[in-house]
1. Please specify each residue of the range 233-262 satisfying the condition of being touching a helix residue (DSSP H, G or I) at 6+ places or on another chain (Cβ under 8 Å), over 28 Å from Ser139 (Cβ atoms) and of a type in the set (D, E, K, R).
2. Sort out for me the strands (runs of 3 or more DSSP E) sitting completely within the range 15-62 that have 2 or more residues that are at pLDDT 95 or above.
3. Any idea which residue in the range 212-225 is farthest from Leu199 (Cα to Cα), counting only those that are at pLDDT 95 or above and under 16 Å from the mean Cα position of the chain (by Cα)?
4. Just to verify a result, which residue in the range 194-253, among those that are in a strand (DSSP E or B) and of a type in the set (S, T, N, Q), is surrounded by the fewest Cβ atoms within 10 Å (Cβ to Cβ)?
5. If you take the residues of the range 98-154 that are of a type in the set (Gly, Ala, Ser) and touching an Asp or Glu at 6+ places or on another chain (Cβ under 9 Å), which of them is most open to solvent (accessible area, probe 1.4 Å)?
6. Does the range 96-104 contain any residue that is basic (Lys, Arg) and in contact (Cβ under 8 Å) with a residue 12 or more places away in the chain?
7. Within the bounds of the range 46-60, is there any residue that is open to solvent by 20 Å² or more (accessible area, probe 1.4 Å) and of a type in the set (S, T, N, Q)?
8. Go through the range 179-193 residue by residue and tally those that are of a type in the set (Lys, Arg) and open to solvent by less than 70 Å² (accessible area, probe 1.4 Å).
Amino acid sequence: MLNNLRHILQKSRRGAGSKCSGNVLKGFCPVCGKKSHFAGFTDNPRESGLCVVCGSFNRQRQMAYIVRRQCGLPVKGKFYFPPEFSIYNTESNGALHCALKSMENYTCSEYFGDLDGPGQEVQGIRHENLQKLSFADKSFDLLLSSDVLEHMPSPYAAHQEIFRVLKPGGQHIFTVPFNPGVDEDDIRARVVDGQIEYLAEKIFHGDPVRPNDGILVWTIFGQEMVDRLTELGFVVATMRINEPYHGIIGDNAIVFVAQKPG
């Protein structure tokens, strides 16, 4: 992986007018919209390479870049949306949240567990379960989730709920762990008679809500995900991004756009 990262950074020196010195890229950050440099890339480039201005890492910049592109916004400068444009972000923390939270029709949430009802406030933050959202039909123009859907036992129930709460023409922009060369989803755990059955070695990701525990990965997705979203009614696009000038590098720089037909 480390040799692969060095190869990526060497290629980045030649790409998109970017400047690279060691593990540093220079350019414009699509999260804060400011001139910056991106430092500290590791052998996991997707989760590293911090913007020195806003603290965003590679995956957050992937999301922001696609949001700007899909919504017709320039990469430079702050985000701007019309007052009636409604956004739901499934995170209440991080650099992209901070860049969007001043928007007039912006909603964010976290998942705190099954003891709380969707729509309730927990520790000053809205609680939502993506598998059973509390929002009305056709509530949002844009819905964002970044490495969230792999952390629930029924991700396609969540996708169906997302379809329901999007307005016609609305978009779900998201990232998940994805194996592009694999047809079927890798289901690593499931619920049987109310108990978790593990089908593979447990994987946990970091979780800002539960920093000491982490959060279980239930599914690593394959092409099956795209097919099933299409069956739900979405028009799905797979965006592979290589934008070193905007701090976006790596073999897994993939963002999905699932649009509800207008």
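The values are calculated or read from the model by the stated rules, or taken from the named source; none is laboratory data. Just so we're clear, the structure is a prediction, and the values are computed from it rather than from any experiment. As a convention, Cβ positions derive from the backbone with ideal geometry for all residues, glycine included, and neighbour counts pool all protein chains shown. Areas reflect the complete protein model, heavy atoms only, side chains present, ligands, DNA and RNA absent. Shrake-Rupley method; radii C 1.70, N 1.55, O 1.52, S 1.80 Å.
1. Glu243, Asp251
2. 24-28, 35-39
3. Met225
4. Only one residue tops the list, namely Gln195.
5. So the residue we want is Ser134.
6. no
7. Yes, there is a match, as at least one residue in the range 46-60 is open to solvent by 20 Å² or more (accessible area, probe 1.4 Å) and of a type in the set (S, T, N, Q).
8. Filtering the range 179-193 down to residues of a type in the set (Lys, Arg) leaves 188, 190.
Keeping just the survivors that are open to solvent by less than 70 Å² (accessible area, probe 1.4 Å) gives 188.
Matching residues across the range 179-193 total 1.
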